[in-house]
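Below is one structure; the comments refer to it alone.
The values are calculated or read from the model by the stated rules, or taken from the named source; none is laboratory data. Please read these numbers as outputs of a predicted model, since none were measured by experiment. Every residue, glycine among them, receives a Cβ derived from its backbone with ideal geometry; neighbour counts consider all protein chains shown. Accessible surface areas use protein heavy atoms only, side chains included; no ligands, DNA or RNA. Shrake-Rupley method; radii C 1.70, N 1.55, O 1.52, S 1.80 Å.
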Amino acid sequence: RGKEEKYKVRMPKLRMVKEYVDKMRSIDDLDRNIFKFKKSSEEKSKMDKEEKFFRETFMYHKEIRVLATATAERSVPSARRANLPLTAGEPLDVIEAVQGHAAICRNAQGRYGYVLVEHLNFR
């Protein structure tokens, strides 16, 4: 035991300055935020893809502006890609009111499509 203790190097415990510890924690938080940023950029690219599909399908070349917000009164499945599937209580952005009884809307996931006005509540 004497030999082992003789060659064992003991390092003194250094006390870190509180400012240094706080700085290290903030750097760790920044690293975590970088990963969140990548996730949001993936969501943004998905939104851009949906917008591109919307512009090609509906031949919409104007600036996308929200005219009003509405909520869906009832759940409605869609048979076509051009129609937007709805769930009851889902908030929707009305992009354009089309001739007839339909409006072009966008849901929270960024999908666009036709929605019948009778399914919307504008309150």
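Once the C-beta distance of Arg65 and Ser45 is scaled by a Förster radius of 22 Å, the resulting FRET efficiency is 0.50 to the nearest 0.05.
Hey, what's region 38-122 come to in accessible area per residue, 1.4 Å probe, Å²?
Values: 5680 Å² over 85 residues.
Here the per-residue accessible area is 67 Å².
One chain, two ends: Val117 and Val98. Fully extended at 0.36 nm per residue, the span grows by 5.9 nm beyond their Cα-Cα distance.
Put simply, when 57-67, 83-93 are sorted by average Cβ atoms within 10 angstrom per residue, most first, you get 83-93, 57-67. Here region 38-122 has 53 percent of its accessible surface on carbon and sulfur atoms, given a 1.4 Å probe and all protein chains in place.
For region 38-122, the percent of C-alpha pairs falling in each 10 Å distance bin, counted from 0 to the bin holding the largest distance, reads 18, 52, 27, 3, 0.
A cut-off of 5 Å between modelled amide H atoms, ignoring neighbours fewer than 5 places along the same chain, links Ala102 with Val117. Derived scalar couplings between HN and Hα for region 69-82 equal 10, 9, 10, 7, 6, 9, 7, 9, x, 10, 8, 10, 5, 6 Hz in order, rounded to whole Hz, by the Karplus curve 6.51 cos²θ - 1.76 cosθ + 1.60 (θ = phi - 60°), x for Gly and Pro.
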